[in-house]
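Here the structure comes first, spelled out in structure tokens, and everything after it is commentary.
The values are calculated or read from the model by the stated rules, or taken from the named source; none is laboratory data. Worth saying up front: this structure is predicted, and the values here are computed from it rather than measured. Here the Cβ is made from the backbone with ideal geometry for all residues, glycine too, and neighbour counts use every protein chain on show. All accessible areas refer to the heavy atoms of the entire protein, side chains included, with ligands and DNA or RNA removed. Shrake-Rupley method; radii C 1.70, N 1.55, O 1.52, S 1.80 Å.
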Amino acid sequence: MKEAAYRNSAGGLIDRDRPLKFYFDNVSYQGFAGDTLASALIANGVHLTGRGFKYHRPRGIYTSGTEEPNALVELREDARREPNTRATLIELYDGLSAMSQNRWPSLAFDILSVNNLLSPFLPAGFYYKTFMWPKQFWEKMYEPFIRRAAGLGRAANKPDPDRYERATLHCDVLVVGAGPAGLVAALAAARSGARVVLAEQDHRVGGHLLSTSTTLDSKSAESWSDDIRTEIEAFEDARLLTRTTVFGYYDHNILAAVERLADHLPVPGAHGARQKLWRIHASRVILACGAFERPLVFGNNDLPGIMLTSAARTYAMRYAARPGSRAVIFTNNSSGYDALADLAAGGVNIVAVIDPRSDIDSQSIAQAEAVGARILNRAVILGARGHLHVRGVDVDAAGVRERIDCDLLCVSGGWNPDVHLHSQTGTRPVWSPDIAGFIPAESRQRELSIGGAAGQFDLANALITARQRGLDAARECGFMSSAFDLPDVAKGSSAYSIEPLWRVAGYHGKALVDMQNDVKETDIGLSAREGYKSVEHLKRYTTLGMATDQGKLSNVNGLGILADELGFSIESVGTTTFRPPVLPVAIGVFAGSSRGQHFSPTRYTPMHDWAVRHGAKFVEAGQWLRPRYYPRDGEDMLAASCRETLATRNSVGLCDVSTLGKIDVQGADAPEFLNRLHSNGFARLPVGKARYGLMLREDGLVLDDGTTTRLAEHHYFMTTTTAEAAAVMAHMEYYHQAIWPQLDVQYCSVTEQWASMAIAGPNSRAVLQKVLTRIDLSNEAFPFLAATEFNLGNFRARLFRISFSGELAYELNVPAGYGESLWQALMNAGKEFGITAYGTEALGIMRIEKGHIAGPEVNGQTTAGDIGLGSMLSSKKEFIGRPLAAREALVDSAREQLVGIRCNDSSMRLYAGAHLVEPDKAAVIENDLGHVTSVTYSPMLKTWIALALLKGGTTNIGKTLKAVNPLMKHEVNVEVVSSQFFDPENTRLHV
Amino acid sequence: MRINCPLCGERASDEFSYLGDATPGRPPSGASLKEWHDYVYLRDNPRGPHHEYWHHVGGCRAWLVIHRDTFTHEIFDVGLACDIEESVG
Amino acid sequence: MKYSLFNLIRNTFSGHSRWTPAWRDATPKTHYDVIIIGGGGHGLATAYYLAREHGIHNIAVLEKGYIGGGNAGRNTTIVRANYLLEGNQPFYEWSLKLWESLEQELNYNVMMSQRGVINLYHSDAQRDAYVRRGNAMLMHGSDAVLMKRDELRDMLPYLDYDNARFPILGGLMQPRGGTARHDAVVWGYARGADMRDVDIIQNCEVTGIRMENGAITGVDTTRGAIGANKIGLAVAGNSSRLAAMAGMRLPIESHVLQAFVTEGLKPLIDHVVTFGAGHFYISQSDKGGLVFGGDLDGYNSYAQRGNLPMVEHVLESGMAMMPSLGRLRVLRHWGGIMDMSMDGSPIIDKTPIDGLYLNTGWCYGGFKATPASGWCFAHTIARDHAHRYNAPYRLDRFMTGNLIDERGGGPRPNVH
């Protein structure tokens, strides 16, 4: 392990008692707890960390925060590999391993840096002008090459092994950012008694103060900050979330934040989540997100060893890591001077300050003199020199050229308040000439910005405002408190002053505006020349600001240059739209635990465990799991379901139908309500009778079907299909509450309350009678469509004589908790008859044999007439959907209507989804007559049969057609028959 | 968004489902096909204040009429659909 | 100036100083034969084909902001023709054919990339519906391939085959489907229209539609009144507002749909993949970002941004389909305003007002329709009757019941 040669022997907020070993590109280094990967690399003298996106120019650590454009690495390995991770945000842990990306074979020698030489041929948007010939070459050659060359890091190719959580927080005041302003605002609100959430991206509070030697009330910045932290954390109603980025501002003051619970660890602890998504519902929001320093645009401004002045100061002060030994400062504003003393204290020898301004305030001059740095005013850097690291700069000072050697170049082009969250509220920031930056506009939500985020760069004043805003926010939520004393802030800096410099004139080499997307200064001129003059066109044409930093560094410089080119003011050019997230957020945390088997809830029927014990294979029916078939030794699905069908038709079968929607309807107007809902009549249904019902949507197409039973004068029991249960319930609620609230009717979903089982087959009565000994089940006493409610032991049960299979059949409903025991009782009672449990496959076989419709026929596109239920549209009453069902195209006799089809050759099979054409016609759309909806092998007819929707419907019965299935390269001749294949007279139903 | 359900209090919008424009009245008995067409298919679809049906499907199951701005998403008023329908007649 | 490798090299030696604007910044004239309102893909394509196919050159395209600033620049760039219904598939197949030669047609690289669009299925019923659809596609002369689970596993190894709540059973693929560079389509049509003398007028918002005796005479705009014989509306998201200026109510609701992009990555996803157990579709751009989207937020909205519940919902589907996405990061998400029609299909038709033509209702399928929409709308405006490809897209179809409802969702736009 190498010694960290650039680590100062004292100072910094690092724990020197906890040395950590880490690897970058497989070389091991040493850092300390409290380091970031970036600070630890700098302490080891490593600056070269990446390559540019397009020209593959060498790049170094440029910032110390979220806006880092260059030092993006692949962190961790294998399934946990995280591409494009900012080295400046990675907290060092022992054994950390990171790899550089987008270079080959190595960072120092990258083949594609040849692009840098070719760059004159590759201006912004060059790809729109070429790669068009020959036509086929785009997909085969150009695009694959471009795709391989583009992109940054490599994604993990295995499922993410980590867990994620989601939670919701409600508070009175949310403060985003625990820098000095955020701390004071949060403290003011917390002392008032408001419920406060203070969210901080860093693992410790203090913000930019931690990068400085500022003292407050003679305390160091970190101890002052920690004292406030301690006080805030002591409030029962206040909550500090560190390692938490508030990244999205949504409607009605709902904000989203990600808390990085375990990213600072090698892996999350046992049962611990990696990250947590917080949805924060806040009455008031105070944004104290600070500001970003701006780069300057000059020749070779992207060389490693060039960084923001604030970053250099951070490395020197917070991490005791010297970013260089001999530094030049290039600044157009007073903040560059504020950093000098701290840099010098951190062991950096400052040789010169290059300042384009002619007048420099006396305080700044004193600051430079104090560290022995020359000031060159009316001066700019034309270009930086060096290959893999800066070695010097070419300066033009009022026309005098000079070369100054250095190994560190600190730049400061001014400050951009972080208006990202504010702008997400749907507003656009406004230009402030005072600070030459965009500041928050009037807010669309109950939110305001303080401190650097509001463009208030003076600490003492920022704290006064912060206190007031904190008190105000609490007061608006009903919490009163009075002001408290603020700390004395050692006054060392001058009032902020700046003269914007968007680009250096006459620079040499390449001047990068967006370092991450390799957008050059000249690209902006080209874009404007070619007519891409709107700021959005500029962004889209040049890709300015579209990289992982979302333009945090580049956008304002780009806007300034565009304004220059067009001769407009920067405020009339405007900004692009700020979009969430403020900082890229892992996809996993949005999904939380809703993945894999937990993507959607699983619903089990009351008899589920019995089915599991008896080897059932299950099928998803929406969220439900239903027994599909119960295979016996070696049976496949077709064999098992045919056996189940035959057993049912020949003797008796038992099927779990608990997933059907069940709705209990009561009230004096229940008959009227059901009458309006259904196309057929229910008002005159006798008590103790069931009836098949059909419901239309208001547009006249079929909504759902089901059986409804009148249990008492004002009490009905309604069933729906499994798929439409929720929709039918909502439909009823809508019509009752929004259209007919005067109806006296109450209804409730009871799907989960009842276990339902269908017992079907010629011996069903005999089996059922053994269990229900007190009920006369004879055909005379309990005929088809009879229904009754009775006591069975100590609970109520309901019995309906209804049939989906076409057999003599009953549906028995018992309270869900008794479902399995009743099921078992029926299986026991049926043993002598060979009773057979059957699943949805056999159910499907029997319903197709009977021509009963289901989902493939009721698909939202069909009318009642289409599916053979036209006679169910009552002409004697009004019902939902009646008027629009009469539209001309919906009653056209040429529509596709329900028929049965069967293979002429019983050895041939059918497929659902095949289309129907005349037997001698080709499979082209002009010949299309309809399609096959539901298919089964019929064990009764011993051939493949199907339901189909066919133009002209039953008028085709007897015709031979061809079922064509070019997708599966299959076709077969079929005969059009009645959809009632089996027992068309329904004799088996009424025995 | 947050919706102040008259029965349940203020809740996150993910508890609710949306139906649409609550302005048109359902045509009376004997209305023409055109009236039905206009009721079922045509919308004012304003950019700005809008009366609309929401369903507190993950809560009390009440249908609500919400007066909401379709551009800012600001909610001005929330009422129970049954109250509004009854007061209209 | 023609775009070619030769010209690129030639311009390199003049420091790229001689490139001319891709389109002129035109100032409005007092009168046009045709005004197209809406400088998105559809509007610009309409102007292009009016000039190219119908010899009409006195045309203005009025755009309230910058061209391509609406859904043309906000979509997930998917191009496909995989529809079921007879009203739809011929139109979309024609659109796909136009896409296939669009670069050469426009002399602008729109990066049409036929990487294949795959719809996954998770149940037998879904498979049957896809078989029906795939057969319809083939019978229309389009391409379609039914993929079994094992074939998918080889092709798309990153999907969750083993621990999915709704197991992936297979997929329906359209190999000719793919993606294109959305902004380039706008700019390419703008440049092509401009070369044919069409005036493209940006920052010109229409504030009123002028009529006399039931016929169109022009528009009022933020840049003054402009006369016109014919006006075509191609203002996705704002159709109802523009139609209201002419006294019309439309079968349209405006809804917000969100889209997402991740940080740039080395090649990971080669196709467009659509989840069948939730609403989620994903592809990878040439720059390396994964581009994806899902359902509408569900409520009427003119705000071009959505809310958190749908963000979570979309990404749940993403993680369910592709669990290795977990550590990749969402870089940006945004919203666009969809003209949601009452059956999920578009309208390209004349209106009851003489000289006023309507192009709306694209729901969230407008991007892939761009070339054919422009083509058909131009035909309808120039000839005063529909082309056979847009003949089903009538405004009065809800009155007659000739619905084109692919999903069977009925007159509830937020379910389409």
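Of note:
- Under the criterion of Cα pairs below 8 Å and six or more residues apart, the relative contact order for chain C equals 22 percent.
- Relative to the longest principal axis of the Cα atoms of chain C, the long axis of helix C:124-139 lies at roughly 50 degrees.
- Loop sites here are chymotrypsin sites (Phe, Trp or Tyr not before Pro) outside DSSP states H, G, I, E and B with no more than 14 other Cβ atoms within 10 Å. The longest part of chain A free of them is A:569-991.
- Summed over both chains, the contact between C and B buries some 2300 Å² of accessible surface at a probe radius of 1.4 Å.
- For the segment B:14-26, counting C-beta atoms of other chains within 10 Å of every residue's C-beta and taking the mean gives 4.
- Surface composition of the protein assembly as shown: carbon plus sulfur atoms hold 51% of the accessible area, using a 1.4 angstrom probe and ignoring ligands, DNA and RNA.
- For chain A, the longest principal axis of the Cα atoms and the long axis of helix A:725-734 meet at an angle of about 80 degrees.
- Of the chymotrypsin sites (Phe, Trp or Tyr not before Pro) found in the stretch C:188-278, no site is in coil according to DSSP while having at most 10 other Cβ atoms within 10 Å of its Cβ.
- With all protein chains modelled, accessible area of C:VAL311 [1.4 Å, Å²]: 0
- Annotation: per residue accessible area for chain C equals 29 Å², rounded to a whole number [probe 1.4 Å, protein chains only].
- Ligands, DNA and RNA excluded, the heavy atoms of C:ASP405 present near 10 Å² of accessible surface to a 1.4 Å solvent probe.
- Only aspartates and glutamates eight or more places from A:LYS689 in sequence, or on another chain, were considered; those with a Cα closer than 16 Å are A:ASP664, A:GLU713, A:ASP776, A:GLU780, A:GLU789, A:GLU811.
- Antiparallel beta bridges, as assigned by DSSP with both residues in the protein assembly as shown, represent about 75 percent of the total such bridges.
- Dividing the summed helix terms, -39500 (n - 2.57) for each DSSP H run of n ≥ 4, by the number of residues in chain C produces a 222 nm estimate of -8500 deg cm²/dmol to the nearest 500.
- Candidate residues C:CYS363, B:CYS8: accessible-area rank, largest first, probe 1.4 Å: B:CYS8, C:CYS363
- Over chain A, DSSP H runs of length four or greater, each weighted -39,500 (n - 2.57), average out per residue to a 222 nm ellipticity of -6000 deg cm²/dmol.
- Shielding by partners for peptide C:9-21, expressed as the average number of C-beta atoms from other protein chains within 10 Å of each residue's C-beta, is 4.
- Dipole-positive endmost among A:PRO304, A:PRO144, A:ILE663 within the protein assembly as shown (Cβ charges, Cα centre): A:PRO144
- Overall form of the stretch A:893-991 per C-alpha gyration tensor (a/c, 1.5; a/b vs b/c): oblate
- Counting only DSSP beta bridges whose two residues both lie in the stretch A:280-398, roughly 40 percent are antiparallel.
- Shape category assigned to the stretch A:295-413 from the gyration tensor of Cα positions, a/c cut at 1.5: oblate
- Ranking of A:SER100, A:SER218 by solvent-accessible surface, largest first: A:SER218, A:SER100 (1.4 Å probe, protein heavy atoms only, all chains present).
- Cleavage-rule hits, trypsin sites (Lys or Arg not before Pro), the stretch A:698-803, DSSP coil, Cβ neighbours within 10 Å at most 10: A:ARG774
- Taking every DSSP beta bridge that has both ends in chain C, the antiparallel portion is near 70%.
- Dipole in debye (nearest 20) - the stretch B:2-88, about Cα centre, beta carbon charges: Lys, Arg +1; Asp, Glu -1: 180
- Among the GluC sites (Glu not before Pro) in the stretch A:704-757, those placed in a DSSP loop whose Cβ has at most 13 other Cβ atoms within 10 Å are A:GLU713, A:GLU752.
- The residues of the stretch B:2-88 expose, per residue, 43 Å² of accessible area to a 1.4 Å probe.
- Relative contact order for chain A, counting Cα pairs under 8 Å that sit 6 or more residues apart, in percent: 9
- Heavy atoms of A:THR955 accessible to a 1.4 Å probe, total area in Å² rounded to 10: 110
- C-alpha long axis of helix C:308-321 to longest principal axis of chain C, angle in °: 50
- A versus C: buried accessible surface, summed, Å² (probe 1.4 Å, to nearest 100): 9900
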